[in-house]
Amino acid sequence: MLSLRMLRTLHAVARSGSFALAAERTALTQAAVSLQMRGLEEALGRQIFDRRARQVALTREGREICAKVERILELIDELPARAEDAIRGSVIVGAVVSVIGALSLAVAHLKTEHPELEVRLTSARSTELARMVEEGDVDLAVVVGNADGALHESLAWTPLYEEPLMLVTSRATAGGETGAKAGARTGGEVRSILRERSFLRFDRRVPTGAVIDDALRTLGIKPQEYLELNSIETIVSLVRNDVGVSVLPVLHNGHWHDDANLRLIPLCNPPFMRSVGMIHRKSNKRTLLFNTLAHMLR
């Protein structure tokens, strides 16, 4: 039987040109995507894909169907949501890795109160999530804001919170000082730690890495590069084990200040900040759901 989920999956396949990429964008397995597409062809009685091709290729009828499906999905997104319907039905929500844990808890609480809500969670980089929301593969995403504030004109931005950048070290590196004493270190002392200790850098290809890189460059700090990783949690684990030090945003729900094995040292005053917010298509009218999730994440 034809379903809206099939149409959204077809749209993802057509946009990405790959069952594997479509699976990532729709939070499905590649086998599930293939199964849905066969089911769609059976429901329509049309051959959408040319299976003689080595890569995913649409037939002439497939291209015509995809054009109609895109218009259908646009019309559905433009439908105004009634308040009683806003927190029910199917929704795909994405988030950067450092937020996915808090988001999962928020969704779990939300589903307890609204059992008719069906949520699929997916995680990716901020730039990838922005593209997925723009193309309609994801309804809502929690991402890190770009330094220049650039956002596609079809997307709306809802700020959630800001996280200060700080030098993160182990207790051994910080000399076992209290948090207040560590916070009183001068910029020269911060530079000294970064010159002497191996630096664990967060991925420069993403907005968070760019914010960190900009802060170090502005302060004239050239750390002793050791490793570059794309997971904040992995870097913090290495810091706890005194493998090196790092400059990171202090995660909103990370409880790092309570961690006896970590010391958080300010870089400067006022601090550099990482902005975290939600994005969704302006045409998507599920306002109550979006506002509720934003409130819970704050």
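Here is a yes/no grid of residues against (1) small (Gly, Ala, Ser); (2) over 25 Å from Thr9 (Cα atoms); (3) outside the structural domain of Lys285 (by TED's automatic domain parsing); (4) at pLDDT 90 or above:
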{"position": "Lys111", "(1), (2), (3), (4)": "no, no, no, no"}
{"position": "Leu121", "(1), (2), (3), (4)": "no, no, no, yes"}
{"position": "Arg125", "(1), (2), (3), (4)": "no, no, no, yes"}
{"position": "Leu129", "(1), (2), (3), (4)": "no, no, no, yes"}
{"position": "Leu140", "(1), (2), (3), (4)": "no, no, no, yes"}
{"position": "Ala147", "(1), (2), (3), (4)": "yes, yes, no, no"}
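Yes or no: the range 96-106 includes at least one residue that is in the same structural domain as Leu288 (by TED's automatic domain parsing), at pLDDT 85 or above, loosely packed, with under 14 Cβ neighbours inside 10 Å and among the β-branched types (Val, Ile, Thr). Within the range 96-106, not a single residue is in the same structural domain as Leu288 (by TED's automatic domain parsing), at pLDDT 85 or above, loosely packed, with under 14 Cβ neighbours inside 10 Å and among the β-branched types (Val, Ile, Thr). Mind listing whichever residues of the range 207-224 are in a loop (DSSP other than H, G, I, E, B) and either closer than 18 Å to Val236 by Cα or not assigned by TED's automatic domain parsing to the domain that holds Glu189 (or both)? Residue satisfying the conditions is Pro223 alone.
Among the listed residues Gln55, Gln47, which satisfies the condition of being more than 30 Å from Gly277 (Cβ to Cβ) and modelled with pLDDT under 85? Steps first, answer last, please.
Values: Gln47 fails: modelled with pLDDT under 85.
After applying the criteria, what remains is Gln55.
Mind listing whichever residues of the range 249-272 are more than 17 Å from Leu160 (Cα to Cα), part of a strand (DSSP E or B) and of a type outside the set (Lys, Arg)? I'd like the intermediate steps shown before the answer.
Residues of the range 249-272 that are more than 17 Å from Leu160 (Cα to Cα), as a first pass: 255-271.
Among the residues that remain, those that are also part of a strand (DSSP E or B) are: 262-266.
Scanning the range 249-272 gives Leu262, Leu264, Ile265, Pro266.
Sort through Arg281, Arg204, Arg274 and tell me the only one that's loosely packed, with under 15 Cβ neighbours inside 10 Å, at pLDDT 90 or above and closer than 22 Å to Leu129 by Cα.
Working: Arg281 fails: loosely packed, with under 15 Cβ neighbours inside 10 Å; Arg274 fails: loosely packed, with under 15 Cβ neighbours inside 10 Å.
Result: Arg204 is the single residue among Arg281, Arg204, Arg274 that is loosely packed, with under 15 Cβ neighbours inside 10 Å, at pLDDT 90 or above and closer than 22 Å to Leu129 by Cα.
What number goes with the only condition from (1) touching a residue at least 12 places away in the same chain (Cβ under 8 Å); (2) surrounded by fewer than 19 Cβ atoms within 10 Å (Cβ to Cβ); (3) β-branched (Val, Ile, Thr) that Thr29 does not pass? Condition (1) is where Thr29 drops out. Please verify whether Phe202 is free of Cβ contacts under 8 Å to residues at least 60 places away in the same chain and either within 13 Å of Met166 (Cα to Cα) or out of contact with any His (no Cβ under 6 Å at 6 or more places or on another chain) (or both), treating the condition exactly as stated. Answer is yes for this residue. Going through (1) crowded, with 18+ Cβ neighbours inside 10 Å; (2) within 21 Å of Gly101 (Cβ to Cβ); (3) not basic (Lys, Arg) one by one, Leu229 falls short only on (1).
A residue that is over 10 Å from the mean Cα position of the chain (by Cα) and either buried (at least 22 other Cβ atoms within 10 Å of the Cβ) or assigned to a helix (DSSP H, G or I) (or both) occurs somewhere in the range 124-131.
Counting only helices (runs of 4 or more DSSP H) that sit wholly inside the range 1-70, those with at least 2 residues that are touching a Gly at 6+ places or on another chain (Cβ under 8 Å) are 4-16.
When you look at Ser154, is it farther than 19 Å from Arg298 by Cβ and either in contact (Cβ under 8 Å) with a residue 60 or more places away in the chain or surrounded by fewer than 17 Cβ atoms within 10 Å (Cβ to Cβ) (or both), yes or no? Before you say what the answer is, go through the steps one by one.
Numbers: farther than 19 Å from Arg298 by Cβ: yes; either in contact (Cβ under 8 Å) with a residue 60 or more places away in the chain or surrounded by fewer than 17 Cβ atoms within 10 Å (Cβ to Cβ) (or both): yes.
In short, yes.
Taken together, Ala31, Ala14 contain a single residue that is closer than 22 Å to Glu134 by Cα and not assigned by TED's automatic domain parsing to the domain that holds Leu121, which is Ala14.
The values are calculated or read from the model by the stated rules, or taken from the named source; none is laboratory data. Just so it is clear, the structure is predicted and the values come from calculations on it, not from any experiment. All Cβ positions, even for glycine, are placed from backbone atoms using ideal geometry, and neighbour counts span all protein chains on display.
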